[in-house]
1. If you take the residues of segment 260-279 that are buried (at least 17 other Cβ atoms within 10 Å of the Cβ) and among the polar types (S, T, N, Q), which of them is nearest to residue 206 (Cα to Cα)?
2. Kindly check whether there is at least one residue in segment 263-284 that is over 28 Å from residue 176 (Cα atoms), among the polar types (S, T, N, Q) and in contact (Cβ under 8 Å) with a residue 12 or more places away in the chain.
3. Give, as residue ranges, the helices (runs of 4 or more DSSP H) completely inside segment 192-299 that count at least 1 residues that are among the aromatic types (Phe, Trp, Tyr) and modelled with pLDDT under 85.
4. Quick one: is residue 282 surrounded by 20 or more Cβ atoms within 10 Å (Cβ to Cβ) and more than 30 Å from residue 229 (Cα to Cα)?
5. Can you pull out the residues in segment 80-109 that are under 18 Å from residue 9 (Cβ atoms) and in a loop (DSSP other than H, G, I, E, B)?
6. Checking residue 38 against (1) touching a Ser or Thr at 6+ places or on another chain (Cβ under 7 Å); (2) of a type outside the set (A, V, I, L, M, F, W, C); (3) surrounded by 12 or more Cβ atoms within 10 Å (Cβ to Cβ), which single condition isn't satisfied?
Amino acid sequence: MQDKHKYSQPVLDHARKDFTALDKNLSVDETLRKIRAEGLGERIVYFYVVDDEKKLVGVLPTRRLLTGKPEQKIEELMVKRVAALPKTATVYDACEFFVTYKFLAFPVVDEERRLLGIVDVNLFTNELLEDESDEEDLRSYDDVFETIGFRINELKNASPLKSWRIRFPWLLVTISSGTAAALFIGIFHTTIEMSLVIAFFLALVLGLGESVSIQSMTVTVQTLHSTQPSLKWYLKNLLRESKTSFLLGVSCGALVTVVVFLWKGQILPAVVIGSSIVLVEISAAFWGLSVPAILHKTKLDPKLAAGPITLALTDISTILFYFGLASVLI
């Protein structure tokens, strides 16, 4: 199940509790004596400084501690700006922190910034890489193959018959959508006869729609690693994807409009093709976001079915928008 994926686990489950929190009012000498008396825990990367209410206020680099004067307060030596993970963060969020900030550890804090634990780089290098090496090699490919209907580890060493059973059902989705698209095109045969240039650019419009839908779907699937979709989340992302796809549609549509006009000298077909591209891009982004979200919500694996279904719906809506607009305006 997607919600049980390791990346979606709470990062607090992986946080170490054997850290040494240093009071900001301690001197360097008092700090060193405290460390000697209490020990450093299993691992030590950074010293984190807290106030009287145990709230995180800074981080003390080891070099500053060792080179500070004995009577100097660690509040004077600490770095006050600290990147911290909220306790609601997931393992996926923590990995992003390691990649973004390049630190060796991060504190985990609650809403009032009280220190709850420490997550070190071993989470990134060990916890997530503890599977067998051959599975790790396959993991980087899984996301690519799963979007087209199967997991690559299912096909490893599989017989031809088993491979056929796994792959053929998803090809049926493509056959079904292609057949539906052909039937819809047949409905608009009169429109095609009136303007052949419309038919010339069908492949281009289909390609643009599929590209945007796959882009949106990929972003959505990756987001679902660490996010539980809600109506608020969906509407927020739908608005963002709609704005992005609208800009993509306008830029692509304008360019294609100019190409058609310069090639054929026909302004109306050029405008129809350019305008339909805008509608196609918006609908493609809608399917790219909606299909994985719906599959996730219904407890189905979005990566295993999102690709074929998203492309099928995108192709059908592209045909309807493209020839529908042409039949009305031409």
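1. By that ranking, first place goes to 276.
2. Filtering segment 263-284 down to residues over 28 Å from residue 176 (Cα atoms) leaves 263-271.
With among the polar types (S, T, N, Q) added as a condition, the list becomes 266.
The next check asks that each one be in contact (Cβ under 8 Å) with a residue 12 or more places away in the chain; those that pass are 266.
Checking segment 263-284: at least one residue is over 28 Å from residue 176 (Cα atoms), among the polar types (S, T, N, Q) and in contact (Cβ under 8 Å) with a residue 12 or more places away in the chain.
3. Numbers: elements: 196-200, 202-223, 231-264, 267-297.
The qualifying helices (runs of 4 or more DSSP H) are 196-200.
4. No, not satisfied.
5. 87, 88, 89
6. (3)
Condition check ((1) β-branched (Val, Ile, Thr); (2) in contact with a strand residue (DSSP E or B) (Cβ under 8 Å, 6 or more places away or on another chain); (3) loosely packed, with under 15 Cβ neighbours inside 10 Å) across all residues:
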| site | (1), (2), (3) |
| --- | --- |
| 26 | no, yes, no |
| 59 | yes, yes, no |
| 66 | no, no, yes |
| 70 | no, yes, yes |
| 90 | yes, yes, no |
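The values are calculated or read from the model by the stated rules, or taken from the named source; none is laboratory data. The model shown is predicted, which means the values in this text are computed figures rather than measured ones. Virtual Cβ from ideal backbone geometry, glycine too; neighbours counted across all protein chains shown.
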